[in-house]
Amino acid sequence: VVVTNGVYDVGGKVMTGDLMNRVAVDKVISVVSLQGADVTTIRGVGPNGTNAIRCAWVDDGARLHGFTLSGGATRITGDANKLCSGGGVWSPTIHAMISACRVTGNSAYSAGGGAYLGSLLNCTVQGNSTPGNGGGTYNSILTGCRVSNNSATTGGGAYGGVLKGCAVTGNTAQNGGGANLANLTSCTVTRNTAAVSLGGLMGGNAPNCV
């Protein structure tokens, strides 16, 4: 499915509970923007609460390519994983692909302000937040991504998951400003801060990182 340029900020689909997803890729298909994230935006609604709308739901085996996902949010009550996590994009497992996307300015009440699970390839994850775990991503697989200026209580940039060849910079948290309990390989980790402990990385492994 090829999507033309524009800002997509009306309509949507409920996949579970009562939380609207602006776009739901609920079949094993690829949804691809015509000219990329610069000119194609999926916009949710914040703040977290009863009126929130998540940007995107991407199911197992599906792919979302070349979009800006911004302004998404979640519920503050109900299922912590399905309703209160993944303000920008939510996936049921890591077997959903989000590629060449900008995940920016989203929030979640529980986990994954930007993304919850899913595999992100060559994406920018910036300026997302959660009062819980993983301001940028939660238990996601990231390859060649830039993760910057996200915030959380634990794991400002990323909580859990795997990061390969990523730049993790300028993220903040109480604990683990850059990442918490994540496995990083060949990443650059700079200028992250934590109010309590370990501004760069907390737990996990980080071979060949600087």
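The values are calculated or read from the model by the stated rules, or taken from the named source; none is laboratory data. Just so we're clear, the structure is a prediction, and the values are computed from it rather than from any experiment. Every residue, glycine as well, gets a Cβ built from its backbone with ideal geometry; the counts of neighbours run over all protein chains shown. Ligands, DNA and RNA are stripped out before the accessible areas are found, and what is left, the full protein with its side chains, is counted by its heavy atoms. Shrake-Rupley method; radii C 1.70, N 1.55, O 1.52, S 1.80 Å.
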Could you list, ordered by first residue, the pairs with Cβ atoms under 8 Å in which the first is in the stretch 35-61 and under 15 Å from Tyr8 (Cβ atoms) and in contact (Cβ under 8 Å) with a residue 40 or more places away in the chain and the second is of a type in the set (Lys, Arg) and surrounded by fewer than 16 Cβ atoms within 10 Å (Cβ to Cβ), at least 6 apart or interchain? Trp57/Lys13
Report, by residue number, each residue of the stretch 9-18 that is open to solvent by 80 Å² or more (accessible area, probe 1.4 Å) and either under 10 Å from Thr41 (Cα atoms) or part of a loop (DSSP other than H, G, I, E, B) (or both). Val10, Asp18
Return yes when Cys101 is hydrophobic (A, V, I, L, M, F, W, C) and free of Cβ contacts under 8 Å to residues at least 60 places away in the same chain and no when it is not. no
Can you name the residue in the stretch 156-175 that is over 11 Å from Leu142 (Cβ atoms) and among the β-branched types (Val, Ile, Thr) and is also surrounded by the fewest Cβ atoms within 10 Å (Cβ to Cβ) among such residues? Thr169
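Does Arg43 count as of a type outside the set (A, V, I, L, M, F, W, C) and open to solvent by 50 Å² or more (accessible area, probe 1.4 Å)? Can you show your working first?
Values: of a type outside the set (A, V, I, L, M, F, W, C): yes; open to solvent by 50 Å² or more (accessible area, probe 1.4 Å): yes.
Yes.
How many residues does the stretch 20-44 hold that are of a type outside the set (Val, Ile, Thr) and closer than 19 Å to Asp60 by Cβ? If you could, list the steps in order and put the result at the bottom.
The initial filter retains those residues of the stretch 20-44 that are of a type outside the set (Val, Ile, Thr), namely 20-22, 24, 26-27, 30, 33-38, 43-44.
Right, trim to closer than 19 Å to Asp60 by Cβ and you get 21, 24, 26-27, 30.
So the answer is 5.
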Where Gly61 falls short, out of the listed (1) open to solvent by less than 20 Å² (accessible area, probe 1.4 Å); (2) within 18 Å of the chain's Cα centre (by Cα): (1)
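I want to confirm something. Restricting to the stretch 108-119 and keeping residues that are under 9 Å from the mean Cα position of the chain (by Cα) and in a strand (DSSP E or B), which single residue is surrounded by the fewest Cβ atoms within 10 Å (Cβ to Cβ)?
To start, the set of residues in the stretch 108-119 that are under 9 Å from the mean Cα position of the chain (by Cα) comprises 112-118.
Remaining after also requiring in a strand (DSSP E or B): 115-116.
Numbers: Ala115: 38, Tyr116: 28.
Within the stretch 108-119, the match that is surrounded by the fewest Cβ atoms within 10 Å (Cβ to Cβ) is Tyr116.
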Here the qualifying pairs (Cβ atoms under 9 Å; residues six or more apart or on different chains; first in the stretch 14-26 and of a type in the set (Asp, Glu); second at pLDDT 95 or above and buried (at least 18 other Cβ atoms within 10 Å of the Cβ)) come out as Asp18/Arg75; Asp18/Leu83; Asp26/Trp57; Asp26/Val58; Asp26/Asp59; Asp26/Ala62
For the stretch 81-95, indicate whether the set of residues that are aliphatic (A, V, I, L, M), part of a loop (DSSP other than H, G, I, E, B), open to solvent by 10 Å² or more (accessible area, probe 1.4 Å) and out of contact with any strand residue (DSSP E or B) (no Cβ under 8 Å at 6 or more places or on another chain) is non-empty. yes
Could you say whether any residue in the stretch 191-207 is free of Cβ contacts under 8 Å to residues at least 40 places away in the same chain, within 17 Å of Thr93 (Cα to Cα), out of contact with any helix residue (DSSP H, G or I) (no Cβ under 9 Å at 6 or more places or on another chain) and part of a loop (DSSP other than H, G, I, E, B)? no
Exactly one of Asn139, Asn122 is open to solvent by 20 Å² or more (accessible area, probe 1.4 Å) and over 29 Å from Val14 (Cβ atoms), and that one is Asn122
